[in-house]
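Following: one structure in structure tokens, then a few remarks.
Taken together, the values in this text are just the output of simple stated rules run on the coordinates, not laboratory data. Please read all numbers here as calculations on a predicted model, not as lab measurements. Reconstructed Cβ throughout: ideal geometry from the backbone, glycine too, with neighbour counts over all protein chains shown.
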Amino acid sequence: MTRTIGGSAREARDSATRWLTERAAALDANAVGDALMAGIDKATEARWEAAVERAAMLPGSVRPQKVKALTDMFARELATVGAATGAAAAAPAVGTGASLFAAAAELGWFTARSGDLILTMAALHGRKAPTLDERRAWVLAVLIFGSSAREGFTSAAKQLGLELEQPNSRVPLATLRAINGLFGNKLLRRYGTKRGAIALGTALPLGVGAVIGGTANYSAVKMLARNADRFFAKLPYSTIETTAIETSARDGR
């Protein structure tokens, strides 16, 4: 009996692996990249004011309480949508193409809401009037590098000839834009691969996708919030110098 149960579990796992591998091969990397960037653009270009308002309305008298409230709010929301996406994939009338389309849409939507969470965390930490390029750098750094977002930002600046280890470090706007360029090149490989696997998991049939979508999103939001809180608690620079236009010759190309 033990061997039979074990064999059934292995067969189910192998079947799921084959299913995901086949669907991953069918995904267009350019389409995934476009979905990710669309989500980031949506959050960074037009949602800073909403993030500030959200931060101001969070319950709690001290920042840790507000951070917890923010984390719980987003975790519930994104877990619910992830589970719903997976449940839709289990419907008999939904074909593979439609399931993958829904997974890709969820990928873009999750990325946008992750950007909203990161920007709200920035507002909670007292960041004021950031430029679009600065907001984009924040979101990209946290999504790509996670708990090492500060180190990832510092390393990218160093590649461009800018040392950020000194107190009150200033980042020229042109250098910040170059940093965003470096981050953009890493987005699909570092963040998209991981999130894409979860998005594909939500498309698994027989209701498995609903479980994967819900639990993976919930855990991902908890981790994302911790990483963003850590990043903004000790931002790797002091200010953005918007009047500076020169960058180092080491532009990373």
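Take each peptide in 229-236, 113-120, 38-45, count the other Cβ atoms within 10 Å of every residue, and average; sorted highest first, the result is 113-120, 38-45, 229-236. Subtracting the Cα-Cα distance of A50 and Q65 from 0.36 nm times their residue separation leaves 3.4 nm of extension gain.
Rounded to the nearest 0.05, what FRET efficiency is calculated for E77 and R230 with R0 set to 22 Å and r the Cβ-Cβ distance? The pair E77/R230 has a calculated efficiency of 0.50.
The label point for S147 and the one for L132, both projected 7 Å from the Cα toward the Cβ, are 3.5 nm apart.
Pairs from the table (K42/K68; K68/K186; K68/K158; K66/K158) lying more than 28 angstrom apart at Cα are K68/K186; K68/K158; K66/K158.
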